[in-house]
Amino acid sequence: MNCSEELRKISLQPRSRKLKENDHNCLVLRREVNLGPGETKTLRFMFGYGKASTPEKIIKGIKNQERLFNSTIEYWKGRLPQYHGPPDNYLSREVQWSYYCLEALTLIDGYYNTRFIPQGGNYAYAWGMHGATRDFAAYAQTMAFYNPELARSQLRLMMMGQDPDGRLFYEMTGYGKKNQWIYRPSDLDLWLIWAVTDYVLITRDFDFLDEKVPFYPVASGESATVYEHMRRSQEHLIDKVGIGKHGLIRLMLSDWNDEMTFLTARNNLFDTFSIFSQFRISFEYKSHHWTYCCFPVF
């Protein structure tokens, strides 16, 4: 049986036999091979998911392995950044390897129909989610220097997951789902504003601010310019997240400092010392939000 028939056989299984959410599932790729004396065979496996009509097109496009390999090498030769400075082969290789690892992570989201760089790691491959918005923003800031087109896609993804009231998602899962986790951090609005500002100032692509991008859900048909998305993020930050009595942004359920999650989730007053910055941080609970204040310790 050829590959296309195998794919069709799997996709046409009765719904009752398909994988269930809470099952203990394991993906196994297997092929029986008989080798004669001195004989070698090369096996290539591919896995993923998509609409029923797409797998065959994907397979057809990669059957010419040699052509695909050579075109891939040529692509990366033209993409990798070059380090110019004191002779240091280690640093030059590290710059190129780090950039390659970042851009090579690029995926296509079927719901938003756009490319993006996920965080990867446990987020994607253990917990099954892509997050957080701040990570997408940080990658967009980097790509603004090297791959502006990918940076724009990254920013569009963030805005397409934004609610009309300005709220951004912490994470996205499955097909068009978001905010399945308990985290409700306070800093996401800042990251969108920061990333778009960096992109525009680095690339001088001021027309991007006038581009219209949908709100979530995409099917609602509501959209606005990039500038309007940023404005709503600012309003959400000021009106929804809010400012505490010390004049600082409320912490809510953590920000990028994960240790704060354990503190903000408890209804007590804490004084703690940060390991790295040696800041004393005081917390107070008010209206289901946390206000924090930092004082340098000398």
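The values are calculated or read from the model by the stated rules, or taken from the named source; none is laboratory data. All of these numbers come straight from a predicted model, not from anything done at the bench. All Cβ positions, glycine included, derive from the backbone under ideal geometry; neighbour counts span all protein chains shown.
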Query raised in the report: Do you know which of the residues in segment 42-69 that are surrounded by 10 or more Cβ atoms within 10 Å (Cβ to Cβ) and small (Gly, Ala, Ser) is modelled with the lowest pLDDT?
Result: 52
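Please go through segment 104-130 and pick out each residue that is at positive phi and either part of a helix (DSSP H, G or I) or under 9 Å from the mean Cα position of the chain (by Cα) (or both). So that I can check it myself, show each step before the final result.
Residues of segment 104-130 at positive phi: 113, 120-121, 128.
Matches in segment 104-130: 120, 121.
Return yes when residue 280 is at pLDDT below 65 and part of a loop (DSSP other than H, G, I, E, B) and no when it is not. Full working, then the answer.
Values: at pLDDT below 65: yes; part of a loop (DSSP other than H, G, I, E, B): no.
No; evaluated as a whole, the condition is false for this residue.
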Query raised in the report: Of the residues that make up segment 229-237, is at least one exposed (fewer than 12 other Cβ atoms within 10 Å of the Cβ), assigned by TED's automatic domain parsing to the domain that holds residue 156, within 24 Å of residue 136 (Cβ to Cβ) and at pLDDT 50 or above?
Result: no
Query raised in the report: Which residue pairs have Cβ atoms closer than 6 Å, lie 6 or more positions apart in sequence or on different chains, and pair a first residue in segment 120-148 that is in the same structural domain as residue 172 (by TED's automatic domain parsing) and polar (S, T, N, Q) with a second residue that is surrounded by 16 or more Cβ atoms within 10 Å (Cβ to Cβ) and outside any helix (DSSP H, G or I)?
Result: 133/168
Query - Selection from segment 79-118 of residues that are of a type in the set (Phe, Trp, Tyr) and touching a residue at least 24 places away in the same chain (Cβ under 8 Å) - result: 99, 100, 111, 112, 116
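Being over 22 Å from residue 200 (Cβ atoms) and among the β-branched types (Val, Ile, Thr) narrows it down to one of 133, 72, 114, so name that one.
Checking each option against the conditions leaves just 72.
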Report task. Take segment 70-102 and flag every residue that is surrounded by 11 or more Cβ atoms within 10 Å (Cβ to Cβ), in a helix (DSSP H, G or I) and aromatic (Phe, Trp, Tyr). Result -> 76, 97, 99, 100
Query raised in the report: Across segment 149-176, what is the total count of residues that are crowded, with 18+ Cβ neighbours inside 10 Å, part of a helix (DSSP H, G or I) and without any contact (Cβ under 8 Å) to a residue 60 or more places away in the chain?
Result: 9
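State the number of residues belonging to segment 177-226 that are part of a loop (DSSP other than H, G, I, E, B) and either on the phi > 0 side of the Ramachandran plot or surrounded by fewer than 19 Cβ atoms within 10 Å (Cβ to Cβ) (or both). Working first, answer last.
Residues of segment 177-226 that are part of a loop (DSSP other than H, G, I, E, B), as a first pass: 179-183, 186-187, 204-205, 211, 215-217, 221-222.
Pick out the ones that are also either on the phi > 0 side of the Ramachandran plot or surrounded by fewer than 19 Cβ atoms within 10 Å (Cβ to Cβ) (or both) and you get 179-183, 204-205, 211, 217, 221-222.
The number of residues fulfilling the criteria is 11.
Output yes when any residue across segment 5-26 is at pLDDT 75 or above and loosely packed, with under 10 Cβ neighbours inside 10 Å, and no when none is. Even if it seems obvious, please write down each step before you answer.
Narrowing segment 5-26 to residues at pLDDT 75 or above: none.
Scanning segment 5-26, I find no residue that is at pLDDT 75 or above and loosely packed, with under 10 Cβ neighbours inside 10 Å, so the answer is no.
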Query raised in the report: Which numbered condition trips up residue 35, out of (1) modelled with pLDDT under 90; (2) surrounded by fewer than 14 Cβ atoms within 10 Å (Cβ to Cβ)?
Result: (1)
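Touching a Pro at 6+ places or on another chain (Cβ under 8 Å) and under 24 Å from residue 255 (Cα atoms): which single residue out of 199, 183 fits that description? It would help to see each step written out before you state the result.
On the way: 183 fails: touching a Pro at 6+ places or on another chain (Cβ under 8 Å).
Being touching a Pro at 6+ places or on another chain (Cβ under 8 Å) and under 24 Å from residue 255 (Cα atoms) holds for just one of 199, 183, which is 199.
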